[in-house]
Amino acid sequence: MDAIGLEKAKKIFADEAKDMGLELISVKAKQSKDGEILEVFVDKDYSIDIKTIEEYTDRVSPKLDEIVELKDPYFLDISSGGSEREIPYEDVKKLLGHYLEVKVRKSGETLLAKAEEVDEENKLHLLYFIKGRKKKVVLSSDEIESIHMGYKA
């Protein structure tokens, strides 16, 4: 994909995301066996829905068609940021009440826990269960190695 065309496309993606109140996570051009793919990840407070992605796609598609440098055929793949991506500590306040996978730096243990609160000292309060017993833990950002979305079955 032409570098100038890709930069123009990135600006369109960023402008439309901002206009819709979305977070543009990444834009990548990749080659596949079926041709070139323009892969775009967007999100909205970790809970974007398909209707919003469709609206975003409908807004960016006609503008991409106007970029003359994007003359070669490509597939446009727009999707959510994905639950696998790492969550910055400062975003956990957006996820209170949700299950998170929190990897504890010191022990290396990964907890599947419900985020209950972030207190006035900016410490994360988590609730989890071990053998049916309720456990609570309070962790500061420097005690956490990584945070991802967690799902309780």
- prompt: Which of the peptides 13-22, 46-55 is most tightly packed, and how do the rest follow, judged by the mean count of other Cβ atoms within 10 Å per residue?
  reply: 13-22, 46-55
field: Residue-count net charge about Ala9 - beta-carbon cut-off 14 Å; Lys, Arg +1, Asp, Glu -1
entry: -3
query: Applying 1/(1 + (r/R0)^6) with R0 = 25 Å to the Cβ-Cβ distance of Glu90 and Thr110, what FRET efficiency is obtained, to the nearest 0.05?
result: 0.75
query: So what are the three principal axis dimensions of the stretch 38-142 from its Cα atoms, in whole Å, longest to shortest?
result: 59, 29, 24
query: How much length is gained if the chain between Ser47 and Asp19 is pulled fully straight, taking 0.36 nm per residue apart and subtracting their Cα-Cα distance, in nm to one decimal?
result: 8.3 nm
- request: Based on the mean of other Cβ atoms within 10 Å per residue, sort peptides 116-127, 92-103 so the most packed one is first.
  value: 92-103, 116-127
message: Given the DSSP H assignment, sum -39500 (n - 2.57) over each helix run of at least 4 residues in the chain and divide by its residue total; what's the result at 222 nm in deg cm²/dmol, nearest 500?
response: -7500 deg cm²/dmol
statement: Quotient of Cα radius of gyration and Kirkwood radius for the stretch 1-92, i.e. Rg/Rh, equals 0.98
query: Cα-based Rg (one decimal) and Dmax (whole number) for the stretch 1-42, in Å?
result: 11.1, 34
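Would you kindly state how much longer the chain becomes between Lys134 and Glu54 on full extension, computed as 0.36 nm times their sequence separation minus their alpha carbon distance, in nm to one decimal?
Numbers: separation 80, 0.36 × 80 = 28.80 nm, distance 4.08 nm.
In short, 24.7 nm is gained.
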- request: Please give the helix 3-20 orientation as an angle from the longest Cα principal axis of the chain, in degrees from 0 to 90, rounded to the nearest 10.
  value: 50 degrees
- request: Could you state the angle between the C-alpha long axis of helix 50-65 and the longest principal axis of the C-alpha atoms of the chain, as a value from 0 to 90 degrees rounded to the nearest 10?
  value: 30 degrees
- prompt: ³J(HN,Hα) across the stretch 117-132 via Karplus (A = 6.51, B = -1.76, C = 1.60, θ = phi - 60°), whole Hz, x for Gly/Pro?
  reply: 6, 10, 7, 5, 8, 6, 9, 8, 9, 10, 10, 8, 10, 10, 6, x
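No lab work stands behind these numbers, since they all come straight from the coordinates. This is a predicted model, so every value here is computed, not measured. Cβ: placed from backbone, ideal geometry, glycine included. Neighbour counts: every protein chain shown.
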